[in-house]
1. Could you tell me which residue of the stretch 61-79 is nearest to LYS110 (Cα to Cα), considering only residues that are at pLDDT 65 or above and over 50 Å from the mean Cα position of the chain (by Cα)?
2. Looking at the stretch 162-215, which of the residues that are under 26 Å from ILE22 (Cα atoms) and acidic (Asp, Glu) is nearest to the chain's Cα centre (by Cα)?
3. Please work out which one of (1) of a type in the set (Ser, Thr, Tyr); (2) at pLDDT below 95; (3) in contact with a helix residue (DSSP H, G or I) (Cβ under 8 Å, 6 or more places away or on another chain) is the condition THR120 fails and give its number.
4. Does the stretch 184-192 contain at least one residue that is free of Cβ contacts under 8 Å to residues at least 40 places away in the same chain, over 30 Å from GLY34 (Cα atoms), acidic (Asp, Glu) and not in a loop (DSSP other than H, G, I, E, B)?
5. Determine which member of the set LYS103, LYS90, LYS110, LYS96 is basic (Lys, Arg), surrounded by 13 or more Cβ atoms within 10 Å (Cβ to Cβ) and out of contact with any His (no Cβ under 8 Å at 6 or more places or on another chain).
Amino acid sequence: MAIKRYWDLTEKERAALTVDEIEAFCDVEMMEKGVAPPEPPAYEPVVQFVAPTRRFYKIDFEDQQYSFTREESEFLFLTPEVAQQCIDLKPLVRTKNGPTPIKDATIRPKDVFVVEDEATATVKAAAEAAEKRNNSLRERYEREKTRAEEVVQGVWTNWHSCRELREEYARVIRTFEKYKPLAGGDEAMAAQFLADAYDYQVVNDAFAWNDINLSVPEPVAAE
């Protein structure tokens, strides 16, 4: 059984093809060009890695020297109770006026990234490896898809051109049908007027496309 190729069809036959039929012809085109149809890869699930944190507590207080809330980030406490014990000890802070008691102290939580342990490092490494493999699969798929698109681009471009021709010729014939009664039913006369409105070759091509047994001669150039 012979292979049915897109390029073996006439322009009229190509214009009548559906998208599904064009895709089937594209498969033939790729097969003959040695290009396999690209298949979307099966990506590995990637667990979003979030660096672990641990909650501590810190003390904020008003800086009496500059009158703003100062974040004392040098000290972290394991629990709010321990932070409160520090406040109860009435610590002093150093200012230009000398040691000054803290004022309006408040306790608030602070989440701090912790050093990775072995289990965390393993999860992170697995996530990075999966992401790397997925990126590699994605890049390969994009290359294959681009190659396939390049191989079949001519088919799609030609198909659109054939459909444009069909519409152009349909317009010529619609005009011809309007001219016929105006020319008293004389098809030859209507065809001649048609050649005045369109290029004579376009008229002849439209007649041939629609199996109309008429033609108009090439106009004689004026001397």
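1. Here the answer is PHE61.
2. My answer is GLU164.
3. (3)
4. Yes, because at least one residue in the stretch 184-192 is free of Cβ contacts under 8 Å to residues at least 40 places away in the same chain, over 30 Å from GLY34 (Cα atoms), acidic (Asp, Glu) and not in a loop (DSSP other than H, G, I, E, B).
5. Being basic (Lys, Arg), surrounded by 13 or more Cβ atoms within 10 Å (Cβ to Cβ) and out of contact with any His (no Cβ under 8 Å at 6 or more places or on another chain) holds for just one of LYS103, LYS90, LYS110, LYS96, which is LYS110.
Results for (1) in contact (Cβ under 8 Å) with a residue 60 or more places away in the chain; (2) crowded, with 16+ Cβ neighbours inside 10 Å; (3) not assigned by TED's automatic domain parsing to the domain that holds LYS12, shown as yes or no for each residue.
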| residue | (1), (2), (3) |
| --- | --- |
| GLU149 | no, no, no |
| GLN153 | no, no, no |
| VAL172 | no, yes, yes |
| GLU177 | no, no, yes |
| PRO181 | no, no, yes |
| ASP196 | no, no, yes |
| VAL202 | no, yes, yes |
| PHE207 | no, yes, yes |
| PRO217 | no, no, yes |
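The values are calculated or read from the model by the stated rules, or taken from the named source; none is laboratory data. Because the structure is predicted, anything quoted here is derived from the model rather than measured. All Cβ positions, even for glycine, are placed from backbone atoms using ideal geometry, and neighbour counts span all protein chains on display.
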